[in-house]
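Have a look at the structure below before the remarks.
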Amino acid sequence: MSETKIALVTGANKGIGYEIAAGLGVLGYRVGVGARDEVRRESAVEKLRAAGVDAFGVPLDVTADLSVTDAAELVERQAGRLDVLVNNAGISGEMGPGWIQDPTNAMLPLLRRSTSPRIVNVSSSVASLTRQADPDIEIGPVMAAYSPSKSFLNAVTVQYARQLADTDILINAACPGLVATDFTGFQGPRTPEQGAATAIRLATLPDGGPTGSFFEDDGVIPW
Ligand code: NDP
């Protein structure tokens, strides 16, 4: 195996990704410049090479599975292996009120009319990063969509709790446990009635109760 280490940086044509590629290049890595736009990719590769970096271009749109498998084949052809993968590519999305990240809050005006408004987001313990990181807790296979979707829901719960802190609205996330429904192919040990208990408790919290937290039957789940 050659001594030179091989790195692939996604979104390496500009910004932080470009500088990660440049920095690894200075350290002696051979660097794959992952980028979706040919002109921007080749321009970055040329610039890196001019700075003495052993760089090669990798056409890569991280949102397209075929592009990713093609990129893996290219790296295999170019280097035969990969020592470092930096998943850097990302977009911030539009920012500001009324933009795409400002969600539809159609129910909020109605909730504000209530004397004791409550919001319950039905989450799952698989959203808990703390539990997933705990080697003493058994976890299943990687669920790269479902589990982060519930971590996302938890994150939104926390953001809303902060935004609504000066109102009477209490907003929390609930884990029902593993429940026998269509969703689980009726495999769970808990009944739907048992699964509903925590959500009902959070929906009927007394004024001044907890907000911006994550619960199961036994109490708080760590984020
Ligand atoms: P830039 O907008 O400068 O660069 C983003 C890079 O990602 C570009 O090369 C862009 O390529 C690429 N990219 C976007 N979508 C795709 C895609 N579908 N496939 C392949 N490449 C794509 O952003 P930054 O350098 O600031 O951000 C880099 C990372 O750092 C992101 O993951 C961001 O979330 C993270 N980050 C940034 C912070 C900051 O303050 N800037 C703070 C915290 C985290 P193209 O030119 O084609 O658009």
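Any chance you could run the full-extension gain for residue 101 through residue 54? It's 0.36 nm times the residue separation minus the Cα-Cα distance, nm to one decimal. If you can, show how the numbers build up before the last one.
Working: separation 47, 0.36 × 47 = 16.92 nm, distance 3.90 nm.
Taking 0.36 nm per residue and subtracting the Cα distance, the gain is 13.0 nm.
In debye, nearest 20: dipole of the chain around its Cα centre with unit charges on the Cβ of K, R (+) and D, E (-)? Could you put the intermediate results ahead of the total?
On the way: 18 positive and 26 negative charges, 77 e Å.
Computed charge dipole of the chain: roughly 380 debye.
Going by amide H atoms built from the backbone, whose H comes under 5 Å of the H on residue 32, apart from near neighbours?
The list, which skips near neighbours in sequence, is 7, 8, 9, 56.
Considering only 64, 173, 165, give the residue with the highest GNM mean-square fluctuation for the chain, with springs between Cα atoms whenever their separation is below 10 Å.
In this elastic network of the chain, the residue with the biggest mean-square fluctuation among 64, 173, 165 is 64.
Mind putting a number on the dipole of segment 53-123 about its Cα centre? Charges go on the C-beta only, +1 for Lys and Arg and -1 for Asp and Glu, and I need it in Debye to the nearest 20. Working shown, then result.
Details: 5 positive and 9 negative charges, 158 e Å.
The calculation lands at about 760 debye.
May I ask which residue of 121, 56, 26 lies farthest towards the positive end of the charge dipole of segment 25-149, with charges of +1 (Lys, Arg) and -1 (Asp, Glu) on Cβ and the Cα centre as origin?
121
Using each residue's phi in segment 194-206, evaluate 6.51 cos²θ - 1.76 cosθ + 1.60 at θ = phi - 60° and report the 3J(HN,Hα) Karplus result to the nearest Hz, with x for Gly and Pro.
Values, residue by residue: 5, x, 7, 4, 5, 4, 5, 4, 6, 5, 10, 4, x Hz.
When ranked by the protection proxy of mean other Cβ atoms within 10 Å per residue, highest first, what sequence do the peptides 196-205, 121-130 form?
Values: 196-205: 16.4, 121-130: 18.7.
The packing order, highest mean first, is 121-130, 196-205.
When the Karplus curve 6.51 cos²θ - 1.76 cosθ + 1.60 is applied with θ = phi - 60°, which whole-Hz ³J(HN,Hα) does each residue of segment 167-174 get, with x for Gly and Pro?
10, 8, 6, 9, 10, 9, 9, 10
First measure r as the distance between the Cβ atoms of residue 220 and residue 37, then evaluate 1/(1 + (r/R0)^6) with R0 = 41 Å and state the FRET efficiency to the nearest 0.05.
Values: r = 46 Å, r/R0 = 1.12.
Result of the calculation: an efficiency of 0.35.
Mean 1/r over all different Cα pairs, inverted: what Kirkwood radius does segment 1-53 give, in Å?
Numbers: mean 1/r = 0.0929 Å⁻¹.
By the Kirkwood definition, the hydrodynamic radius is 10.8 Å.
Taking the beta-carbon count within 10 Å as an exposure proxy, list 146, 18 from fewest neighbours to most. Please list the in-between numbers first.
Numbers: 146 11, 18 20.
Starting with the residue having the fewest Cβ neighbours, the order is 146, 18.
Cα-Cα pairs above 19 Å in segment 76-136: how many percent? Please report the intermediate quantities before stating the final value.
Values: 1304 of 1830 pairs.
Pairs farther apart than 19 Å: 71 percent.
Can you work out ³J(HN,Hα) from phi for every residue in segment 126-133, in order, using Karplus 6.51 cos²θ - 1.76 cosθ + 1.60 and θ = phi - 60°, giving whole Hz and x for Gly and Pro?
Result, rounded to whole Hz: 5, 6, 6, 5, 4, 5, 5, 8.
Starting from the amide H of residue 216, placed 1.01 Å from N in the peptide plane, find each other amide H under 5 Å away whose residue is 5 or more places distant or on another chain.
175, 221
Taking the highest mean first, how do the peptides 152-159, 134-141 order by number of other beta carbon atoms within 10 angstrom per residue? Don't skip to the end; give the middle numbers.
On the way: 152-159: 16.4, 134-141: 8.5.
Highest to lowest by the protection proxy: 152-159, 134-141.
Using just the alpha carbons, could you tell me how many Å³ per residue the convex hull of segment 153-223 encloses? Walk me through the numbers before you get to the answer.
Numbers: hull volume 6.6 nm³, N = 71.
Convex hull of Cα atoms, per residue: 93 Å³.
Grab every C-alpha pair in the chain, bin the distances at 10 angstrom width from 0 up to the longest one, and report whole percents.
Taking all Cα pairs of the chain, the binned fractions are 7, 23, 21, 20, 17, 9, 1 percent.
Mind jotting down the distance between the C-alpha centroids of segment 12-67 and segment 166-222, whole Å?
Here the answer is 46 Å between Cα centres.
Long-range amide H contacts for residue 122: which residues qualify at under 5 Å (H placed 1.01 Å from N, peptide plane, sequence gap of 5 or more or a different chain)?
Under 5 Å from the amide H of residue 122 lie the amide H atoms of 174, each far enough along the sequence or on another chain.
Any read-out appearing in this document is the output of simple, stated calculations on the displayed coordinates, not a laboratory observation. The shown structure was predicted, so the numbers you read here are calculated from the model rather than taken from an experiment. Every residue, glycine among them, receives a Cβ derived from its backbone with ideal geometry; neighbour counts consider all protein chains shown.
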